[in-house]
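Only the coordinates and a few stated rules stand behind these numbers; no lab work does. From a predicted model like this one, the values you see are computed outputs, not experimental measurements. Positions of Cβ are generated from backbone atoms using ideal geometry, with glycine treated the same way; all protein chains shown enter the neighbour counts.
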Amino acid sequence: MNLGTLLDISSSISSPPPGSINVRMGTPVEGPGGRWIPCASAIESGGFVSCIYEIGPGRRQVCAATPPFGCEEQALSRAVELAGTAAA
């Protein structure tokens, strides 16, 4: 992932959209930045977004809500990339 892509993604990170539901979780990614779980979340409009959450007390889930994907596999793939970046 190049720096431009990373900056674009970081500007779109937010809380998961209201009503979203985690439908698929990936393998945890661990590094100096913590242990992160990638997941694909279904949104009310019918698409999927990429989310990650950090393991530990007081941590919460964050989401790259744009762009939404048409399938959970694409959203999970992006979430795995985000988890790797967050853990680095």
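Overview of values
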| quantity | calculated |
| --- | --- |
| Over region 37-88, volume per residue of the alpha carbon convex hull, in Å³ | 66 |
| Under 14 Å, Cβ to Cβ, from residue 56 - net charge with Lys/Arg +1 and Asp/Glu -1 | +1 |
| Using θ = phi - 60° and Karplus 6.51 cos²θ - 1.76 cosθ + 1.60, couplings along region 39-56 (whole Hz; Gly, Pro as x) | 8, 9, 10, 7, 10, 4, 6, x, x, 9, 10, 8, 10, 9, 9, 8, 7, x |
| Cut-off 12 Å between beta-carbons: net charge of the residues surrounding residue 41, Lys and Arg +1, Asp and Glu -1 | 0 |
